[in-house]
1. Relative to the present Cα-Cα distance, how much length would full extension add between I31 and T57 at 0.36 nm per residue of separation?
2. Calculate the spin-label point distance for L47 paired with D72, positioning each point 7 Å from the Cα along the beta-carbon direction, and give it in nanometres.
3. Counting other Cβ atoms within 10 Å, which trypsin sites (Lys or Arg not before Pro) in the range 62-108 have at most 12 and lie in a DSSP loop?
4. Please identify the trypsin sites (Lys or Arg not before Pro) of the range 25-62 that satisfy two criteria: DSSP loop assignment and at most 10 other Cβ atoms within 10 Å. Which are they?
5. Share of the range 26-89's accessible area from carbon and sulfur, percent, 1.4 Å?
6. I'd like to check one number: the per residue accessible area of the chain, probe 1.4 Å, reported in Å² as a whole number.
7. Under the rule of at least 5 residues apart or a separate chain, name every residue whose amide H is placed under 5 Å from the amide H of F67.
8. Give, rounded to the nearest 20 debye, the magnitude of the charge dipole that the chain has about its Cα centre when Lys and Arg contribute +1 at Cβ and Asp and Glu contribute -1 at Cβ.
Amino acid sequence: QVQLVESGGGLVQPGGSLRLSCAAAGSIISIYVMGWYRQAPGKQRELVAVIGSRGTTNYADSVKGRFTISRDNVKNTLYLQMNSLKPEDTAVYYCNRRPPLTESWGQGTQVTVSS
């Protein structure tokens, strides 16, 4: 069972940047398809970025060109670089496998984009 701990969220002004981290324990994430998900208040959790075991990436249309997902195999850590942030990016961000494992959802990290 993989344990995932997200960090790096915070309050940022529109147009700003944040880098989220997801530290994994109990399993090597490089062999799996991993994703970043987010859940805004009153909305369902959605997938925003995916990285495959070979490094291929895909993004939701709403974040394409602004977000970059990456992975450090030595540190067994997943990252999400978020640039040009918008108020609609405000959400709790989670990492998990794709498809997600129910037992692996962590606490997430809150990202708030506001002036």
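1. Roughly 7.9 nm would be gained on extension.
2. Roughly 2.6 nm, to one decimal.
3. Sparse-neighbourhood loop trypsin sites (Lys or Arg not before Pro): K64, K75.
4. Within the range 25-62, the qualifying trypsin sites (Lys or Arg not before Pro) (loop, at most 10 other Cβ atoms within 10 Å) are K43, R54.
5. For the range 26-89, the apolar C and S fraction of the accessible surface comes to 47 percent.
6. Spelled out: the 1.4 Å probe surface of the chain, per residue, equals 54 Å².
7. N83
8. Charge dipole, the chain, about its Cα centre: 200 debye, nearest 20.
The values are calculated or read from the model by the stated rules, or taken from the named source; none is laboratory data. Note that this is a predicted model, so its numbers are computed, not measured. Every residue, glycine among them, receives a Cβ derived from its backbone with ideal geometry; neighbour counts consider all protein chains shown. Just the protein is used for accessible areas: all its heavy atoms, side chains included, with ligands, DNA and RNA removed. Shrake-Rupley method; radii C 1.70, N 1.55, O 1.52, S 1.80 Å.
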